[in-house]
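Each remark here refers to the structure printed beneath this line.
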Amino acid sequence: MVAMVAWNSRLHKWGYKPNFCSVESKYGLDSLAFILRDQTSVIVGPSGVGKSSLINALRNNHNASDAAEGENLFDPILGSKWFEDQLVGQVSTRSGRGKHTTRNVSLLPLSAGGYLADTPGFNQPSLMKVTKQSLAQAFPEIRQMLSDSEPAKCSFNDCLHLGEPGCIVKADWERYPYYFQLLDEIRIREEFQLRTFGTKKEGDVRYKMGDKGVQQAEPRLELKKHRRVSRKSMNQSLLDELDELDDDDNLLDEENDPFLKAMRDENQ
Ligand SMILES: Nc1nc2c(ncn2[C@@H]2O[C@H](COP(=O)(O)OP(=O)(O)OP(=O)(O)O)[C@@H](O)[C@H]2O)c(=O)[nH]1
Ligand SMILES: [Mg+2]
Ligand SMILES: [Zn+2]
């Protein structure tokens with residue numbers, strides 16, 4: 001209980017509104033069910049934290065909506081395969097991690113409206129689509145500091161909030177070291193990308209429409225003919241992350257990701 005209070009205030013400082021719950025004691029399930037009603041929600045998190053268990057518990061937790069509307073929020077639709085219980089896995093005693101039990105995204109319709117999606121767990125969040133510039137937006141506490149000081153802005157448009165002159169974001173926030181570390185990982189990856197794909201002949205790149213209609217360059221090249229990059233400059237943590245996944249556990253589409261493939265090839 002003491003720990004929960006401490007976590008509550010800590011997470012609030014990070015800009016989140018936590019909802020504590022336990023599948024075992026059913027604590028917090030009713031309020032969670034209430035939050036989920038009438039909207040589409042995705043449950044994400046590392047493998048083995050209990051995402052599928054939580055969904056099963058929500059569906060079997062009849063008290064909440066029975067009391068409220070005389071109708072169960074997760075009432076089974078007969079014959080719908082989505083209403084089988086989600087498969088729940090064991091946590092590896094050796095690594096303390098889950099075993100990637102859920103392998104597909106399942107979208108579960110809620111009888112009160114909306115949907116709930118179960119997803120396969122991951123080991124570490126992927127930074128592949130995050131840029132140095134967009135990382136700050138992923139931290140609610142940075143967004144908060146920026147909006148608090150409006151209309152004042154950081155002096156530089158492309159400020160990375162690392163103590164640049166005229167920066168509005170101060171360094172005395174708890175997750176600053178974490179932000180700094182992620183930024184560094186992105187920097188290493190972006191430099192690698194530039195070295196490997198950025199300086200090459202025309203025709204080696206084709207353009208495709210990426211997220212939000214932004215044009216993205218995609219390499220179309222034999223990677224071997226490009227100059228080798230020193231092992232030291234590899235983003236080892238990304239490669240470690242890939243190695244951690246067993247072959248049949250590999251949920252990343254590595255073969256189709258030219259960048260991941262390049263890092264692999266270069267590091268062999
Ligand atoms: N003590 C306790 N154990 C839980 C709780 N929730 C889940 N577990 C256990 O944690 C293990 C993993 O649960 P899952 O629901 O399969 O985890 P997951 O997040 O869906 O894992 P992936 O599908 O691999 O991403 C199971 O052995 C559950 O019984 C909880 O609230 N308390
Ligand atoms: Mg699961
Ligand atoms: Zn700044």
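Observations
- Near pairs, Cβ below 9 angstrom, 6+ apart or cross-chain, from segment 85-102 (part of a loop (DSSP other than H, G, I, E, B)) to any residue that is open to solvent by 40 Å² or more (accessible area, probe 1.4 Å) and within 16 Å of ligand 3 (Cβ to nearest atom): none
- In segment 169-193, the residues that are in contact (Cβ under 8 Å) with a residue 60 or more places away in the chain form Cβ pairs under 8 Å with partners that are among the β-branched types (Val, Ile, Thr) and not in a helix (DSSP H, G or I), at six or more places apart or across chains, as follows: Phe192/Val229.
- Apart from one condition, Val44 fits all of (1) near ligand 1 (Cβ under 8 Å from one of its atoms); (2) at pLDDT 90 or above; the exception is (1).
One line per residue, one yes/no per condition, for (1) modelled with pLDDT of 95 or more; (2) surrounded by 14 or more Cβ atoms within 10 Å (Cβ to Cβ); (3) under 21 Å from the mean Cα position of the chain (by Cα):
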{"site": "Arg37", "(1), (2), (3)": "no, yes, no"}
{"site": "Lys51", "(1), (2), (3)": "no, yes, yes"}
{"site": "Ile55", "(1), (2), (3)": "no, yes, yes"}
{"site": "Asn63", "(1), (2), (3)": "no, no, no"}
{"site": "Pro76", "(1), (2), (3)": "no, no, no"}
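- Phe180 being open to solvent by 30 Å² or more (accessible area, probe 1.4 Å), in a loop (DSSP other than H, G, I, E, B), among the aromatic types (Phe, Trp, Tyr) and not assigned by TED's automatic domain parsing to the domain that holds Leu54: no
- Tally, over segment 129-166, of residues that are in contact with a Lys or Arg (Cβ under 8 Å, 6 or more places away or on another chain) and open to solvent by less than 50 Å² (accessible area, probe 1.4 Å): 6
The values are calculated or read from the model by the stated rules, or taken from the named source; none is laboratory data. What you see is a predicted model, and the numbers here were worked out from it, not measured in a lab. All Cβ positions, even for glycine, are placed from backbone atoms using ideal geometry, and neighbour counts span all protein chains on display. Side chains are part of the model used for accessible areas, which takes the heavy atoms of the whole protein and leaves out ligands, DNA and RNA. Shrake-Rupley method; radii C 1.70, N 1.55, O 1.52, S 1.80 Å.
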